[in-house]
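Heads up: the structure comes next, in C-alpha cells.
The values are calculated or read from the model by the stated rules, or taken from the named source; none is laboratory data. Remember, predicted model here, so these are calculated numbers, not experimental data. Here the Cβ positions follow ideal geometry from the backbone for every residue, glycine too, while neighbour counts run over all protein chains shown. Note: accessible area is taken over every heavy atom of the protein model, side chains too, but ligands, DNA and RNA are not part of it. Shrake-Rupley method; radii C 1.70, N 1.55, O 1.52, S 1.80 Å.
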Amino acid sequence: MGLPLDIFIKDPDKHFILNYSPLFAKLSDFEKILIIQKSKVVEYKKGDTVYKQGDPPSAFYCVISGRIRIFAMRVPSDSSGSSEKEVLEYLNCGKYFGMISVLTGENHSVYAEAANDTRILEITQEDFKFILNKIPKLAIDLSQTLSRRLKKKDFIEKKIFESNIISVFSAGPMVGKTLYVINLGLSLKKETGRNVILINVTKMPVSSMYQDSGLTAKAPDGSLRAPPAIKLDAPLPPDEMLKDAIFHDPLSGAAIVNVVHESADASYAGRLNAFLTYLTGSYHYIIVDLPDLMDDAIFSTLNQSDTIHVITNYEKDNLRRAGALLSDLLTKVKYPQSKIKIILNQQEKSEKLSPEDVVNILEYPVYAALPFLEERYRKAEGYPRRIVWEFPQLEYSRSMRRIARELGNIRVGLALGGGAAFGLAHIGVIKVLEKENIPVDAIAGTSMGALIGALWASGLSASAMEKIFLEYDNNRKKTYGLLLDLYLHKMSIAKGNKIRRFLARYIADKTFQDVRIPLRVVACNITKRQEVVYSSGRLIDAIMASIAIPGVFAPSVKDGDLIIDGGIIEPVPIGTLVRQGITKIIAVNVLPSPEAAQRSYEFSRRRKEAERESANAGGILARARYCLFDRAVRMVSPNILDIIVNSIQAMEYAIAESDCQKADILLSPIAEGVDWFDFFRVGTLIKKGEEEAGRMLSAVKSVLSE
C-alpha cells in the first residue's frame, strides 16, 4: 500500500519528505496522512529569517529542499566590538529544527535563516504536540535528541547546534578497542574539522595506552607529558582542573581526557553523565572509551549515548559475549537497535569464520568490518598509532574514513538518473569528479544511471568506462548488435541476454558487498506499483531489473512480481540517498526538459537539412544514397517504441524536476541532436557530461566546503 495518488498530485513536497526522510519514512500511511493534514509547506528566499534568537516558540520545521543556516550572535569576550555571527550548522533535506522551543515553550536560543531558496515542512506548536500524542513512536524517536538538548541547555551556553556522544565498548579484552577509538577520533577530526574529544574512562592506574602514546598529549604550556586523570568528586570539575586535564594532540587537534572509573560508588553514574553532558556544549563529537565492565555506570553511559559501537573480533567466545551484551542493551536498557553498531575487527590474517557465521552467532547485523592490520602498523614503541594520519593509503584508514564521514554527517551522495542513451553523460561527470578529487560516499542509480554507477562502484575508473564504451562510438551496427537480441515475447522486443553478458565481463559475480562505494539501485515493482531499492545480492540482477525499459527489455521477475525500469517511480534517486541520511547530494538529471527537447529537434532538423544539401551537391550517386537512407529511416521512425519511451521520459522529467529541487547541486548534461536510442553517440554524450560538471564545479566545491 502507498499513499493515495491524489496526495502525491496535490502535495508532492509533502509526499517526498514523508517517504524519504529518516524521521518519517517508517511511519504508516495513516500516520503520514495525519502529518499531511496538520502541516503546510512554506517557501523562504535566500537570506529570509525563519526565526530569531529570542523569538517565542513558533513551529516544528523540517527541510524539504534548500539549506537552513543555524547561527548565534556572540558578543566578543572583551566587549570591545559589536555582536558577531557564529554559524553553528547547516541543515539540508530531511533535517529538523525548532523542536526544543515548541515542546518547552521557551524562546529560541539561535537564529535560523535560509542559506538559499528553501522549502520547509512546517507544523504549528499545537499540531505538533497533537501529532506526538497520536504517534507515540515518533515521540520516542525524538525523545533522545530532546533529552540531550534539554540537559545541555541547563549546563552551558549553546556554542554548537548538535553534539554526539559515541560510546565504544567491548564485551572482552584485546579486540583492538583502544586503537579503534583513537583512530575514529582522529578520522572524525580530519574529515569534519570539528571539535572532537576522546574520553578514556579507566580504572586506576590510568591506562598507559593514553599516556604520551602515539596520540601525543600536549599540555597547555606546550610540554609533552602524561595527562592526569579526573576523579569525578562532583558533576562538574573546577575549570582549572579541566584545563589541566584536557590535552590536545598537536598533529590533529583532537582533545584527550582521562576519567577515573568508580564502580563501587552508587552516585558515580550520575556524575559521569553530567560531565559528558557538560562537554556537549564545547565538542561536536565525544568518543567515550569504556572499560569492559558490566556495571550500572557503564550501562547508564551507554543509555545516554547517541551511538554505541561494540567492538569484537572473529573469536567465537568474543562473539558470544558481544551477543549477550547486545541482548542486555536491547532488553534491559531498551536501547534503539538502529543506534547500536557492531564493528568486526579482523586481527588475524586469515579468519576461520565467514561473515554469515558471525551474524548467526551474534544474531545481529555487522555494521562495519575492519580489515587485517599488520603489527608494524598497529603500534610504535608499544603504543597505538595514528594510522589514519600516518598511513592514509591503508584499507584500514579508508574503512575508518567511511565510518567517520557517516558519523560526521558529511557524506556526499551521487544520484545518477535514468534516460537510456542520455545516461552515457554520467561517465563525463564522473571523470571530472575523479579529476578534482570530489569525495563520493554513496551512489544511487536508476536505469542507465544504475548501470554506470554499478560499474564505477565495482572498481572501474571513469577513463576505463570511457574506453569500454568508445568501442561503440559512431558504430550503429555494433551498438544495436549489443542491445538487441530479438525474440518473440508478449512484453518486449529484446530479452537483454547480450547486455547481461556485456556486464558480466566487467562485473562478473560481484555483489553489493563487494563494491568500493556503497551503492543503491532503484527499480519499480509494476505489479504492486512500488519502488524497489536493491542493496544486496548480485549487481547484475539489480542492474537488469533497473534498465528494463517497458517494451524494450523484458522485465525481471521477483517473487512472482514484474520488476521494470526504476525511472518510472524515481527517475533521479535523490530520495533514496535522503533515506540513507546522506547530507549533501549531487544529482545528475540527463532527461531533456521540454525546452531542451525542442532545441534538440531543431538541431536535428538543421543537421538533416545540411546532409540533404550536401548530398544534392555531391552528384547523382550521393543523392541516391541519401534518398535510400532517408526512406529507410522514415520506414522505422518514429515507431511504437519511440512513442512509448518518449512518453515515459516526459512523465519522468516532471517527477525528476520536482525531486531534483531537493538536491544540493543539480547537473543537467543535455546534448542537442541526440535521441534516447543513440547509444552510439558515446563521445558526444561523455563530452557533454564533462562540460556540465566543469561548469558547475565551483558550486560543487562551495557546497561541499560548508
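For segment 192-219, give me each residue that is at pLDDT below 80 and assigned to a helix (DSSP H, G or I).
SER208, MET209, TYR210
Please list, ordered by residue number, the helices (runs of 4 or more DSSP H) wholly in segment 313-423 having 3 or more residues that are β-branched (Val, Ile, Thr) and surrounded by 13 or more Cβ atoms within 10 Å (Cβ to Cβ).
355-362
Before we move on, is LEU236 part of a loop (DSSP other than H, G, I, E, B), within 37 Å of the chain's Cα centre (by Cα) and modelled with pLDDT under 80?
Yes; evaluated as a whole, the condition is true for this residue.
Limited to segment 112-140, what total is found for residues that are open to solvent by 20 Å² or more (accessible area, probe 1.4 Å) and either in contact with a Cys (Cβ under 6 Å, 6 or more places away or on another chain) or among the small types (Gly, Ala, Ser) (or both)?
Qualifying residue count, segment 112-140: 1.
Name the single residue, out of those in segment 22-36 being assigned to a loop (DSSP other than H, G, I, E, B) and not aliphatic (A, V, I, L, M), that is surrounded by the most Cβ atoms within 10 Å (Cβ to Cβ).
PHE24
Name every residue in segment 284-294 that is in contact with a Ser or Thr (Cβ under 6 Å, 6 or more places away or on another chain) and open to solvent by 30 Å² or more (accessible area, probe 1.4 Å), in order of residue number.
ASP292
In segment 138-172, which residues are assigned to a loop (DSSP other than H, G, I, E, B), modelled with pLDDT of 75 or more and among the aliphatic types (A, V, I, L, M)?
ALA171
Only one of these is more than 20 Å from LEU142 (Cβ to Cβ), modelled with pLDDT of 90 or more and surrounded by fewer than 15 Cβ atoms within 10 Å (Cβ to Cβ): GLU43, GLU84. Name it.
Every option except GLU43 fails the conditions.
For segment 46-55, enumerate the residues that are surrounded by 14 or more Cβ atoms within 10 Å (Cβ to Cβ) and out of contact with any strand residue (DSSP E or B) (no Cβ under 8 Å at 6 or more places or on another chain).
Answer for segment 46-55, where residues must be surrounded by 14 or more Cβ atoms within 10 Å (Cβ to Cβ) and out of contact with any strand residue (DSSP E or B) (no Cβ under 8 Å at 6 or more places or on another chain): just ASP55.
Identify all residues within segment 88-111 that are buried (at least 19 other Cβ atoms within 10 Å of the Cβ), without any contact (Cβ under 8 Å) to a residue 60 or more places away in the chain and part of a loop (DSSP other than H, G, I, E, B); write none if there are none.
LYS95, GLY98, HIS108, VAL110
Which number in (1) open to solvent by 60 Å² or more (accessible area, probe 1.4 Å); (2) touching a strand residue (DSSP E or B) at 6+ places or on another chain (Cβ under 7 Å); (3) at pLDDT 70 or above; (4) of a type in the set (D, E, K, R) marks the one condition that LYS243 misses?
Among (1) open to solvent by 60 Å² or more (accessible area, probe 1.4 Å); (2) touching a strand residue (DSSP E or B) at 6+ places or on another chain (Cβ under 7 Å); (3) at pLDDT 70 or above; (4) of a type in the set (D, E, K, R), LYS243 violates only (2).
Looking at (1) at pLDDT below 85; (2) outside any loop (DSSP other than H, G, I, E, B), which is the only condition LYS189 fails?
Unmet for LYS189, out of (1) at pLDDT below 85; (2) outside any loop (DSSP other than H, G, I, E, B): (1).
Provide a single number: the residues in segment 494-547 that are touching a residue at least 40 places away in the same chain (Cβ under 8 Å) and on the phi > 0 side of the Ramachandran plot.
The qualifying residues number 2.
Within segment 295-307, track down each residue that is of a type in the set (Gly, Ala, Ser) and surrounded by fewer than 20 Cβ atoms within 10 Å (Cβ to Cβ).
SER300
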